[in-house]
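Working notes, beginning with the structure itself.
The values are calculated or read from the model by the stated rules, or taken from the named source; none is laboratory data. Just so it is clear, the model here is predicted, and its values are computed rather than measured. Ideal geometry is used to build each Cβ from the backbone, glycine not excepted, and the neighbour counts take in all protein chains shown. Ligands, DNA and RNA are excluded from the accessible area calculation, which covers all protein heavy atoms including side chains. Shrake-Rupley method; radii C 1.70, N 1.55, O 1.52, S 1.80 Å.
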Amino acid sequence: MTDLRDLLIRGSEKVIGHYRLLLASATTEKERELYRGRIEREQRLLDELQGGLPERIAA
């Protein structure tokens, strides 16, 4: 089960990274809001996978 959890954590981190790249190149406020929302949602999922610890502490 740990291997699956680790895989999901790495996947979430990768997705967040991609959204951050998209956010950096967003040209409209609507796009930026969309990517921020997706980053926040993915970060919440990642926090749950890491046992509810904030990213700074869990890393």
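Observations on the model:
- Accessible carbon and sulfur surface of region 1-50 relative to its total accessible area, %, 1.4 Å: 56 percent
- Remark: the Leu8-Gln50 segment gains 14.1 nm on full extension, using 0.36 nm per residue and subtracting the alpha carbon distance.
- Positive minus negative residues near Gly37 (Lys, Arg vs Asp, Glu; Cβ under 15 Å): +2
- Separation in nanometres of the label points that stand 7 Å from Cα toward Cβ, at Arg41 and Leu23: 1.5 nm
- Table column - 3J(HN,Hα) (Hz), region 25-40, Karplus curve with 6.51, -1.76, 1.60, x for Gly and Pro: 9, 5, 9, 10, 5, 4, 4, 4, 4, 4, 5, 4, x, 5, 5, 4
- Within-13-Å neighbourhood charge of Arg10 [Cβ basis; K, R +1; D, E -1]: -2
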